[in-house]
Amino acid sequence: MRYVKIPLERVGVIIGPGGETKVQLERLTGVPTRIDSEAGEVWIDDTSPKDPLMPLKAEEIVRAIARGFSPQHAFKLLGDEVYLHVFDIHDYVGKDKEDVRRVSARVIGSEGKTRRLIEELTGCLLSVYGHTVGLIGDLDSIETGKRACDMLLSGSEHSAVYRFLEGQRRKAKLARREF
């Protein structure tokens, strides 16, 4: 059994209306799950999967939903080259709630501008939830997204992050033209 602890307020999202999300997760992965909605715990049965990768994918989907992604976005992790990366803001600023709030706001930006730019320029999906920043994307886009988020979390100026993202986008366009 694989185990994932999730925030209590995200349990309803993982279950979905009428159990719809849980059923879809089990159907798409072929892996049974059990959810304790009072403790915020999810168990994923990895004892006899048809595909040995599916329990790991189910765990990643549950982790993504727990970190603020919608089920539709989390199910993209079923793709072969799609990955989840979660930053813990505590690793950058410690446990002080005001520091976590301030740094979370830096990643989101004024009226969501920074978050939107990271998503547009990398092709990643980004979620800021609690004391975490989550990214979902393919290998190339997630590496660029990770670097941009790390820069912001480490205190880099927004303009430096935007320049980095624009430069990466130009490099990607040039690489596509060469093929």
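The values are calculated or read from the model by the stated rules, or taken from the named source; none is laboratory data. Keep in mind that this is a model prediction, so the values were computed, not measured. Every residue, glycine as well, gets a Cβ built from its backbone with ideal geometry; the counts of neighbours run over all protein chains shown.
Structure notes:
- Test: residue in the stretch 112-132 that is over 14 Å from the mean Cα position of the chain (by Cα), closer than 21 Å to ARG147 by Cβ, among the basic types (Lys, Arg) and modelled with pLDDT of 95 or more: yes
- Only listed residue being hydrophobic (A, V, I, L, M, F, W, C), on the phi < 0 side of the Ramachandran plot and outside any helix (DSSP H, G or I), chosen from LEU84, LEU174: LEU84
- Odd one out for ASP36 among (1) in contact with a helix residue (DSSP H, G or I) (Cβ under 9 Å, 6 or more places away or on another chain); (2) surrounded by 15 or more Cβ atoms within 10 Å (Cβ to Cβ): (2)
- Selected residue (only one of GLY123, GLY134, GLY145, GLY109 is without any contact (Cβ under 8 Å) to a residue 24 or more places away in the chain and either in contact with a helix residue (DSSP H, G or I) (Cβ under 7 Å, 6 or more places away or on another chain) or surrounded by fewer than 20 Cβ atoms within 10 Å (Cβ to Cβ) (or both)): GLY123
- Residues in the stretch 115-145 that are closer than 12 Å to LEU84 by Cβ and part of a strand (DSSP E or B): LEU125, LEU126, SER127, THR132, VAL133, GLY134, LEU135, ILE136, GLY137, ASP138.
- For the stretch 5-27, the condition holds for at least one residue, the condition being that it is assigned to a strand (DSSP E or B), at pLDDT 95 or above and under 23 Å from GLY134 (Cα atoms).
- Single condition SER48 does not satisfy, out of (1) assigned to a loop (DSSP other than H, G, I, E, B); (2) in contact with a helix residue (DSSP H, G or I) (Cβ under 9 Å, 6 or more places away or on another chain); (3) not hydrophobic (A, V, I, L, M, F, W, C): (2)
- Test result for SER104, within 16 Å of ALA64 (Cβ to Cβ) and at pLDDT 95 or above: no
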